[in-house]
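Report on one structure; see the data block that follows.
FYI, it's all coordinate maths here, none of it is from the lab. Please read these numbers as outputs of a predicted model, since none were measured by experiment. Positions of Cβ are generated from backbone atoms using ideal geometry, with glycine treated the same way; all protein chains shown enter the neighbour counts.
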Amino acid sequence: MSSAVSVKIHPSQFPDAVRADLLESLRSRRVSHKFHYDSIKQTQKWLGLHEAYSPSRTDADCLTIYEKGFARAAAQIESPAVHLVGLGCGGGQKDTRLLKLLQGQGKKLFYTPSDVSVAMVLVAQQTAHSVVAQENCFPFVCDLGSANQIGENFSQLVQSDAQRLLTFFGMIPNFEPQIILPKLTALLRSADLLLFSANLAPGSDYLAGMEKILPLYDNDLTRDWLQTFLTDLGVEKDDGDIKFSVDDGSSGMQLKRVAAHFVFQKRVVIDLPERRFEFAPGEKIQLFFSYRHTPERIASLLAENGITVVDQWITRSEEEGVFLCRKAG
């Protein structure tokens, strides 16, 4: 039997904060993405969805660009010790491949898998267990979207004598860029490296590229995963339907995103101890969104937030990009 694992939890994921976020999600009709990873059941459904539709699983060229990014980042590290911080670690598969490469170079390894879900950080910790000793692994549960001034928390977890390498894989699509990028910049120190990935809209016609990738979201596995949040609140599948669309993003961002809304076909009441929420037929609640970028838009957004792209790798399909970055200046 495995030894017990210590997990540090940021106040952004304390029960009262999570409850407040849930009430705001229902009030605003815009569900925080973290509620789709909250339980072990949701985590397992997401991992299955990721396996079926993520380019990193279905496109061999996608694996290649990550390996090139890993090799380039590893070549930049001169320190004998490396602390990898996986921001939004998911199942930890990509982080573990990077850690294995660093292990092959004789580096002493430390790892902080960080995500909003206890289940997810434990999956990542177990995935990396064969590479990183348990005493050198520091799982951290945190909501990057709502947490403020988290730099000190990460500084306490990271070894002071180790080169710090941050990964931010597949996270930018599910955040408003103007909210998450300043936080990412605040976490970066001048000596840190950042490996950053983004889902892209392929081709020179941005809207046509968005339409092309829509089936990656508009499918039964994604519907089942997103429905779990509603089902746990007592909303059944036949109470409405999940509709996917290509929408404009935040004002002034010149970005489009795939959005998923549950459109109610019946009157539904969600009764919580703190508040009662009523949904009339025809009302909708936003369950999910995923921005799609282009390499040029990514470079521009990062530069606006004080982050410089050092190198980049784009799949031949133009649907995925990996970017090696440093803090500007």
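Peptide packing for 165-172, 178-185 was compared via the average number of neighbouring C-beta atoms within 10 Å per residue; ordered from the highest value, the list is 165-172, 178-185.
For the pair L233 and A71 in one chain, pulling the backbone fully straight at 0.36 nm per residue adds 53.8 nm over the alpha carbon distance. With 0.36 nm allotted per residue and the present C-alpha distance subtracted, the E176-A191 stretch has 2.8 nm of extension available. Look at where the Cα atoms of the range 51-74 and of the range 178-226 average out, and the two centres are 15 Å apart.
For the chain, the longest principal axis of the alpha carbon atoms and the long axis of helix 60-75 meet at an angle near 40°.
Between S250 and A133, the contour length at 0.36 nm per residue exceeds the Cα-Cα span by 37.9 nm. Here each label is just a point 7 Å from Cα along the line to Cβ, and for S28 and E283 those points are 1.7 nm apart.
Inter-label distance, E274 to V7: 2.2 nm, where each label sits 7 Å from its Cα along the C-beta direction. Principal-axis analysis of the Cα atoms of the chain puts helix 118-127 at an angle of about 40° to the longest axis. In units of the compact-protein estimate 2.2 N^0.38 Å, the chain shows a Cα radius of gyration of 0.99. As a calculated quantity, the FRET efficiency between S155 and F14 at R0 = 22 Å, using C-beta atoms, amounts to about 0.60.
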